[in-house]
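K.L.:
Once you've had a glance at the structure underneath, I'll fire off some questions.
None of the figures in this text is laboratory data; all of them are computed from the coordinates on show. What you see is a predicted model; the values in this text were computed from it and never measured. As a convention, Cβ positions derive from the backbone with ideal geometry for all residues, glycine included, and neighbour counts pool all protein chains shown.
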Amino acid sequence: MTPNDDKTDLDDVDLKRLVGYDDKAEYELDLRGLDRPHAEESVRQMLERGRFQAARSIIVRFDPAGPETGETLFQPIGRQLLDARKKGVLSKLSPLPPHAGSGFYVVTRGKDDAP
């Protein structure tokens, strides 16, 4: 018996089930190439529109960190989305898994009677 025989390895499907992420969303907000003020405004508009529409899943993407990139949008956009989650605008918020790139998977709470 090798040391790894007693461990249970989770595959991508199991991990996706645990975190509720399925690699697909109804919409995508691409913030790649935007500076922080423009990215934050784009997220603000997305959240505002989401209050009046049916619930939907959205992938929010931004540029990954690299040796030359400096600060990424992960922290400021993450805080903005977390605040929306606390206020009940989002029903789900999770970072994208590493294989999916940099960003977040969100589900808006939406409006019950929206089409």
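K.L.:
Just to confirm the filter: which GluC sites (Glu not before Pro) across the stretch 39-72 are DSSP coil and have at most 11 other Cβ within 10 angstrom of their Cβ? Spell out each step's value before the answer.
P.N.:
Numbers: sites: 40, 41, 48, 68, 71; in loops: 68, 71.
Sparse-neighbourhood loop GluC sites (Glu not before Pro): 68, 71.
K.L.:
Stretch residue 34-residue 68 to full length: gain in nm at 0.36 nm per residue minus the Cα-Cα span?
P.N.:
Details: separation 34, 0.36 × 34 = 12.24 nm, distance 1.59 nm.
Length gained, residue 34 through residue 68: 10.6 nm.
K.L.:
With the Cα gyration tensor of the stretch 16-108 giving a ≥ b ≥ c as the square roots of its eigenvalues, does the rule (a/c under 1.5 for rounded; else a/b larger than b/c for prolate; else oblate) give rounded, prolate or oblate? Display every interim value, and only then the final one.
P.N.:
Working: a/c = 1.84, a/b = 1.23, b/c = 1.49.
The shape class here is oblate.
K.L.:
Neighbouring Cβ atoms within 10 Å as the yardstick, rank 86, 111, 92 fewest first.
P.N.:
On the way: 86 10, 111 13, 92 17.
Ordered by Cβ neighbours within 10 Å, fewest first: 86, 111, 92.
K.L.:
Determine the relative contact order of the stretch 16-108: mean sequence separation of Cα pairs under 8 Å and six or more apart, normalised by residue count, in whole percent. Display every interim value, and only then the final one.
P.N.:
Values: 128 pairs, mean separation 30.2, N = 93.
Relative contact order comes out at 33 percent.
K.L.:
Quote to one decimal, in nm, the extra length available between residue 26 and residue 85 on full extension: 0.36 nm per residue of separation minus the C-alpha distance between them.
P.N.:
19.4 nm
K.L.:
By counting other Cβ atoms within 10 Å of each Cβ, how are 60, 107 ranked from fewest to most? List each step's numbers first, then the result.
P.N.:
On the way: 60 26, 107 19.
Fewest to most other Cβ atoms nearby, the residues stand as 107, 60.
K.L.:
Using the Cα centre of the stretch 16-108 as origin and beta-carbon charges of +1 (Lys, Arg) and -1 (Asp, Glu), tell me which of 52, 67, 31 is placed farthest towards the positive end of the dipole.
P.N.:
52
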